[in-house]
Amino acid sequence: MTKTKKIITYILATVSLFSILLASGIKDIEGWEEIARPYFLVWFISLTIALIIVNINYIRRFTYPAIICLLAWLYDKKIIHTKFSKSTYRVYKYYGKSYSKLFAVVKNAFDYYIISEV
């Protein structure tokens, strides 16, 4: 992870921590949910963004093959007709019309790409 990503992640994690601490420190008063709601919202959003930044390649490892399989399926059902979807359908046909095989091949290619990037 680059230095900029680390700094942004640390800042978001710190904001998340302080937000949840402030939200949990509200006294038991009537309507405390309304007072704490913005703190919980900031906590959830900043923590989610920080986790996405840290795990972006892990997320991409599964979303890219899923999108490729979806495009091949859409082309097979004649819903979408683009050059890229046609190419994904050709690869799908090459691997015996198996979405699981297509998914595994694309995932392995992405793993190879990540390893070669480092």
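The values are calculated or read from the model by the stated rules, or taken from the named source; none is laboratory data. No experiment lies behind these values; they were computed from the predicted model shown. Here Cβ is always computed from backbone atoms with ideal geometry, including for glycine, and neighbour counts include all displayed protein chains.
Answer yes or no as to whether Leu21 is hydrophobic (A, V, I, L, M, F, W, C) and within 24 Å of the chain's Cα centre (by Cα).
no
Examine region 28-43 for a residue that is farther than 24 Å from Tyr113 by Cβ, outside the structural domain of Tyr113 (by TED's automatic domain parsing) and touching a residue at least 24 places away in the same chain (Cβ under 8 Å), and state whether such a residue exists.
yes
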